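Structure record follows, encoded as structure tokens.
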Amino acid sequence: CPTTLVEMAGVLGLLGEKAGQLQPIFISLDPDRDTVQVLKTYTAFFDPRIIGLTGSPELVKRAARNFKVRYAKVMNPEARANTYALDHSAGMYLLDPDGQFIKKFAYGTEVSSMAAEIRSFINLH
């Protein structure tokens, strides 16, 4: 979602040097269209520190289930073949260095609020 990537880049910018203690990751829900190279180019447009990940449809489904993300292809019967949108829930997740869940930032959370909470977490650790 471009909106979330803009917000992620904004958080990194507000964190300044502390952003170096994070590894921002964008996981694509559309492995049919989003190859590793496509994701590399796409995420770099927002911030080169963001890593784009994908996998097999089964692996993506498992990751989505683990993060409680819902998604579905939405076909437009009037559009050309293989043209679809991907409807999905949105948000950002903060994990600790061991990959343990800390917090989900809901879609639309102010970038400054996310940056402040992340900075507080970094300062505690």
Practice item. Starting from the residue with the highest accessible area, list Thr43, Thr35 in decreasing order, probe 1.4 Å. Key: Thr35, Thr43
Practice item. Within the range 1-51, report the trypsin sites (Lys or Arg not before Pro) that DSSP leaves as loop and that have at most 14 other Cβ atoms within 10 Å. Key: Arg33
Review point. When the helices in the chain are scored as -39500 (n - 2.57) per DSSP H run of 4 or longer and the sum is shared across all residues, what 222 nm value do you end up with, to the nearest 500 deg cm²/dmol?
Key: -12000 deg cm²/dmol
Practice item. Determine the sum of side-chain charges near Gly91: Lys and Arg each +1, Asp and Glu each -1, restricted to other residues whose C-beta is under 11 angstrom from that of Gly91. Key: +2
Revision key, fill the gap. Computed D for the chain, Stokes-Einstein, Kirkwood radius over alpha-carbon pairs, 25 °C, 0.890 mPa s, to the nearest µm² per second, is 156 µm²/s
Check your understanding: Given H placed on each backbone N at 1.01 Å, which residues far from Ile27 in sequence or on other chains put an amide H within less than 5 Å of it?
Key -> Leu53
Practice item. Scan the chain and hand back the longest stretch that contains none of the GluC sites (Glu not before Pro) lying in DSSP loops with at most 13 other Cβ atoms within 10 Å. Key: 1-77
Exercise for review: Can you tell me the 0 to 90 degree angle between the C-alpha axis of helix 2-15 and the longest principal axis of the chain, rounded to 10?
Suggested key: 10 degrees
Point to revise | DSSP bridge pairs, the chain: antiparallel proportion in percent, nearest 5 | key: 75 percent
Check your understanding: Which ³J(HN,Hα) values, rounded to whole Hz and listed in residue order, are derived for the range 93-108 from phi using the Karplus coefficients 6.51, -1.76 and 1.60 in 6.51 cos²θ - 1.76 cosθ + 1.60 with θ = phi - 60°, glycine and proline given as x?
Key -> 10, 9, 10, 7, x, 8, x, 7, 4, 10, 7, 9, 8, 5, 3, x
Study note, to complete from the structure: Ignoring chymotrypsin sites (Phe, Trp or Tyr not before Pro) buried by more than 15 other Cβ within 10 Å or outside DSSP loops, the longest site-free run in the chain is 1-66
Review point. Once both axes come from the Cα atoms, what is the angle between helix 111-124 and the longest principal axis of the chain, in degrees from 0 to 90, rounded to 10?
Key: 50 degrees
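The values are calculated or read from the model by the stated rules, or taken from the named source; none is laboratory data. Predicted model, so just to flag it, every value in this text is computed and none were measured. Virtual Cβ from ideal backbone geometry, glycine too; neighbours counted across all protein chains shown. Note: accessible area is taken over every heavy atom of the protein model, side chains too, but ligands, DNA and RNA are not part of it. Shrake-Rupley method; radii C 1.70, N 1.55, O 1.52, S 1.80 Å.
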